Structures are given as C-alpha cells and as structure tokens.
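A quick write-up on the structure given underneath.
Laboratory data are not the source of any read-out in this text; all were calculated from the coordinates shown. Every value quoted in this text rests on a predicted model; they were computed, and no experiment measured them. Here the Cβ positions follow ideal geometry from the backbone for every residue, glycine too, while neighbour counts run over all protein chains shown.
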Amino acid sequence: MRKITQMRFELTKEFLEILRKKIAEQDLLWIKEHVFELHFADIAEILDKLSNEEAKHIYFQLDEEVQADVLMELEEDVRDRFLASLSSKEIADQLENLDSDDAADILGELSDKQIQEVISQMEDDEAAEDIVDLLSYDEDTAGGLMQKEFIQAKLNWPVNRCLVELRRQAEDVEKVYTIYVVDDFNKLVGVLSLKRLLFASPKTKIIDLYSDKNIISVKTSDDNEEVAKVMEKYDLVSVPVVDLQNKLVGRITLDDVVDVIKEEADKDFQLASGISERIESNFSVWRMTRARIPWLLIAMLGGTLGAQLISSFELGISKVPALAFFIPLITAMGGNVGVQSSAIVVQSLAKGNDQFGSILSKISKEALVGLVNGLILASLIYGIATVFENSTLGIVVSISLFVVIIFAAIFGTLIPLVLNHYKIDPALATGPFVTTLNDIVGLFIYFSVGMLLYHI
C-alpha cells in the first residue's frame with residue numbers, strides 16, 4: 001500500500017516569483033497543481049502576498065467551498081481591499097457560500113448603503129434573512145457572534161422522520177457537533193445523542209431518546225467574554241444560543257470563541273501599552289493618533305508632576321548631588337513592580353476570580369512578595385551605593401527602594417481591582433496609569449527619606 005505523506009507548506013520568495021510568472025502566463029495547470037491542492041489557510045497566506053488582481057485571478061478559479069474558507073482566512077486589511085474591488089453582486093455571491101455569522105461579520109464592515117445593495121443582490125432569501133437578523137445584534141454579544149446554521153429535532157418526531165429532517169438540515173451545516181431538541185414552540189429542551197438516534201427503532205419518538213440534564217446555553221444578550229468563559233468552563237465545542245423566551249436561535253462554535261479570545265488579548269495588550277481603542281496597522285494616521293494621544297498626555301502630565309516634585313527638593317539635591325544618581329532606579333523599579341502585580345491581578349480577573357476573599361488574598365500575597373523582593377533588592381543596592389558613594393546614601397537608597405517596592409506591589413494590586421469594581425477594563429492598570437503614579441509616589445518617598453536621613 002502506497003504511503004501518503006503531507007508536508008507543511010512554507011511560503012518562500014522564490015515560490016511567489018514563480019507563481020506571479022505563471023499568473024502572467026495564465027498557466028492554470030501549474031497553478032492548480034501547486035496552489036489549489038494546498039490547505040485553504042496556505043492559499044490565503046499566498047493571496048495575502050499577491051496584488052489584488054493576481055489574488056482575484058486565483059481566487060475565482062477555486063471551488064466555491066474553498067473560496068469561502070480562503071476569504072475568512074485572509075488578513076483583514078487584505079480582505080477589505082479585496083472586497084472593495086468587487087461589485088455588490090460579486091460580494092453577494094461570496095456571502096451565500098459563507099456561514100451566516102461570517103457573512104454578517106463581513107457585511108458589518110460595509111456602509112449601510114452597501115449592505116442594502118448586497119442584500120438585495122442575494123438570491124437565497126433565507127440566507128439573506130439570517131444575515132439581516134444577525135446584524136441586528138451588537139457585535140460584542142452572543143447574538144452577534146452566533147451562526148444560524150445548526151441541527152435541531154422536535155420532541156414529537158419519530159426517528160424515521162427525524163433522520164430525513166436532519167439530513168435536509170445538514171446540507172447547510174459545515175460541522176455537526178450537537179443535535180438540539182426543541183418543543184413545538186421552538187424552545188430548547190435538551191440534546192440528542194447521535195448514537196441513540198441511530199440505534200433506535202424507526203417509530204420511537206425523540207421525546208423518549210433525548211437528554212434534558214445539564215443543558216448549557218447562553219442568551220443572545222450575553223457578552224462575548226462571558227460566552228468564552230462558559231465554553232472554557234464546560235469544555236464545549238459548541239453552545240446553543242437562546243433568546244429571552246428560551247427559543248433556540250443559533251449556536252456558537254469553538255473557532256468563533258477562539259477569535260474572541262484573540263481579539264480580547266489583543267485589546268488588553270493595546271490597553272496595557274497605552275492605546276485606548278482597538279487599532280490595526282492599516283488604520284488612518286488620525287485614528288491611530290486618537291487612540292494613543294490620551295495616555296501620552298497622561299504620561300506627559302505625570303512626567304511634569306515628577307519634574308515639579310524633583311524641583312521642590314532642589315535644595316536637598318544641591319547639597320547631596322549623589323541623590324540624583326538613583327532617580328532612574330527608583331522610578332524604574334516602582335513601575336516594573338507595579339506592572340508585574342497588576343498583570344497578575346488582571347489575568348486572575350479575566351478568569352472570573354473577583355470574590356472578596358480572593359481580593360484580600362491577592363493583596364496580602366502581593367504585599368508578601370513585595371516584602372521578599374524588597375529585602376533582596378534593597379540589600380543589593382545598599383552594597384552598590386555604599387561602594388560607589390557612602391554608607392549614608394546606601395541606607396537612603398535601600399530604605400527608599402524597599403518602601404517603593406512594597407507600595408508598588410500593593411498599589412499595582414489595588415488599582416485593577418478598583419477599576420474592575422467600577423466596570424472599567426482593568427487592563428488599563430498594566431499600562432501608563434500605574435507606572436506614572438508609581439513614578440511620582442516613588443520619587444516622593446525617595447526624596448523624603450533622603451531629606452530625613454541627611455537632616456536637610
């Protein structure tokens with residue numbers, strides 16, 4: 001028997017050069033052999049590197065199902081540029097090959113006028129209705145995340161009818177994870193095991209086969225992050241979505257939740273970096289500036305306050321110039337410790353651990369960690385400062401560093417907890433907010449200790 005081996009595709013500069021040449025020569029045979037046989041993710045990676053016209057030449061030669069997969073794998077800016085070059089009719093044709101949630105995501109990026117034009121060009125009225133329905137939900141909710149394609153069976157169906165109905169429904173469902181059971185009012189009542197269905201007699205009714213225990217579902221109004229937590233907690237590959245009347249309206253699959261988790265991680269990373277709204281590399285200069293300038297202004301204000309604080313201790317610095325040597329050390333250590341503590345708390349809050357007992361435990365634990373780190377680092381800096389300057393300065397710097405580290409650890413723990421309490425994204429605490437405040441307080445502690453021990 002011949003052994004078939006598949007190797008992971010690696011896109012190279014040489015491959016792209018050859019491909020561009022074959023596109024120019026319209027060598028479809030070579031393209032089919034070397035491109036069409038690849039995984040759709042690899043094809044999308046190739047199209048990302050081609051010009052719009054070159055990408056269209058390959059894309060429209062693909063099978064419709066592959067086109068749908070490739071379209072959703074394209075980089076967002078490439079996909080936007082690609083769709084912008086298509087007519088409303090061409091976009092409508094592409095949407096009919098996509099799952100309803102993916103189609104709604106793409107349409108949601110268009111203007112209201114374009115949406116109406118595309119919807120009017122769709123030949124599948126049912127698909128168009130599903131997409132319009134999904135667009136009515138907020139994109140950050142379960143309703144905006146769900147897809148309308150799913151498999152359902154009714155309580156009063158006999159097995160033979162159920163098999164016929166499921167076969168018909170499955171034509172529009174790419175992956176079947178669960179068979180949902182509903183009553184005559186379309187309310188979710190349970191799930192059906194495929195194994196029990198296949199081994200049951202033709203006249204047995206679904207009501208005698210389904211399970212109504214521990215049915216996990218989400219509401220259309222539930223936040224995306226809440227959906228992700230539910231699927232992670234119960235280890236689900238798909239979750240049914242119900243409306244306020246508990247009527248089954250859609251399902252959310254694992255691949256969509258992974259996208260949500262990635263987007264949330266990107267958002268938190270940007271917030272921690274001092275970027276106040278989600279941006280992409282292809283956004284306009286004005287939009288990118290608008291997202292960055294608020295925290296830069298806060299950092300500038302913090303720096304100005306720090307400079308004023310240093311100037312208020314100008315007399316002491318003039319008498320002991322060596323105090324100025326360790327200003328960068330104090331501000332850097334306070335900022336680093338604060339960010340480390342806040343990052344741990346933000347990660348814990350993201351997992352839903354926000355109980356009062358848990359909060360007290362976090363604060364006490366971070367204070368203890370700060371105490372241990374402070375003792376180690378203060379001992380080291382005492383020796384360094386004493387060797388390079390004198391023992392008095394060593395005592396000033398070591399005491400200041402010890403106090404600053406403990407304060408920063410507690411402060412870095414408290415701030416994200418406070419922000420979370422007031423429904424503000426705690427990821428803000430891991431950025432310029434904590435570092436700026438720690439700089440100011442750290443400098444005040446440092447110079448206060450210096451003035452006290454030097455009797456200035």
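Charges only on Cβ, +1 for Lys and Arg, -1 for Asp and Glu: so what's the dipole of the range 285-453 about the Cα centre, in debye to the nearest 20? Walk me through the numbers on the way to the answer.
Numbers: 8 positive and 6 negative charges, 94 e Å.
Computed charge dipole of the range 285-453: roughly 460 debye.
For ASP223 and ALA24, the FRET efficiency from 1/(1 + (r/R0)^6), where r spans their Cβ atoms and R0 equals 35 Å, is about 0.10.
For the peptides 401-409, 95-103, 224-232, the ranking by mean Cβ contacts within 10 Å, running from highest to lowest, is 401-409, 95-103, 224-232.
Taken along the Cα-to-beta-carbon direction at a fixed 7 Å, the label points for PHE199 and LYS233 span 3.2 nm. Which of the listed residues, SER120, GLY143, GLY302, is farthest toward the dipole's positive end in the chain, when Lys, Arg count +1 and Asp, Glu count -1 at the beta-carbon? Of the candidates, GLY302 comes out farthest on the positive side.
Take HIS455, HIS57 and order them by how many other Cβ atoms sit within 10 Å, fewest up front. Could the numbers behind the result be given before it?
Working: HIS455 5, HIS57 17.
Placing the least packed residue first, the sequence is HIS455, HIS57.
Once the Cβ-Cβ distance between VAL418 and LEU380 is put in as r, and R0 is 35 Å, what FRET efficiency do you end up with, to the nearest 0.05?
Given R0 = 35 Å and the Cβ-Cβ separation, E is 0.60.
From least to most packed, judged by other beta carbons within 10 angstrom and beginning with the fewest, SER361, SER398 follow the order SER361, SER398. Under 15 Å Cα to Cα from LYS229, which aspartates and glutamates show up? Leave out anything in the same chain fewer than 8 places away. Partners within reach: ASP140, ASP255, ASP256, ASP259, GLU263, GLU264, ASP354.
Take the cross-link list LYS187/LYS213; LYS365/LYS423; LYS89/LYS175 and give me the ones stretching past 18 Å between alpha-carbons.
Working: LYS187/LYS213 15 Å; LYS365/LYS423 24 Å; LYS89/LYS175 27 Å.
Violating the 18 Å Cα-Cα cut-off are LYS365/LYS423; LYS89/LYS175.
Taking each of LYS21/LYS262; LYS49/LYS262; LYS32/LYS56 in turn, the alpha-carbon distance tops 25 angstrom for LYS21/LYS262.
What FRET efficiency, computed as 1/(1 + (r/R0)^6) with R0 = 45 Å and r the Cβ-Cβ distance, is obtained for MET300 and ASP259, rounded to the nearest 0.05? In this case the efficiency is close to 0.80.
Place a +1 charge on the Cβ of each Lys and Arg in the range 1-75 and a -1 charge on the Cβ of each Asp and Glu, then give the dipole magnitude about the Cα centre in debye, rounded to the nearest 20.
On the way: 10 positive and 18 negative charges, 75 e Å.
Once rounded to the nearest 20, the dipole reads 360 debye.
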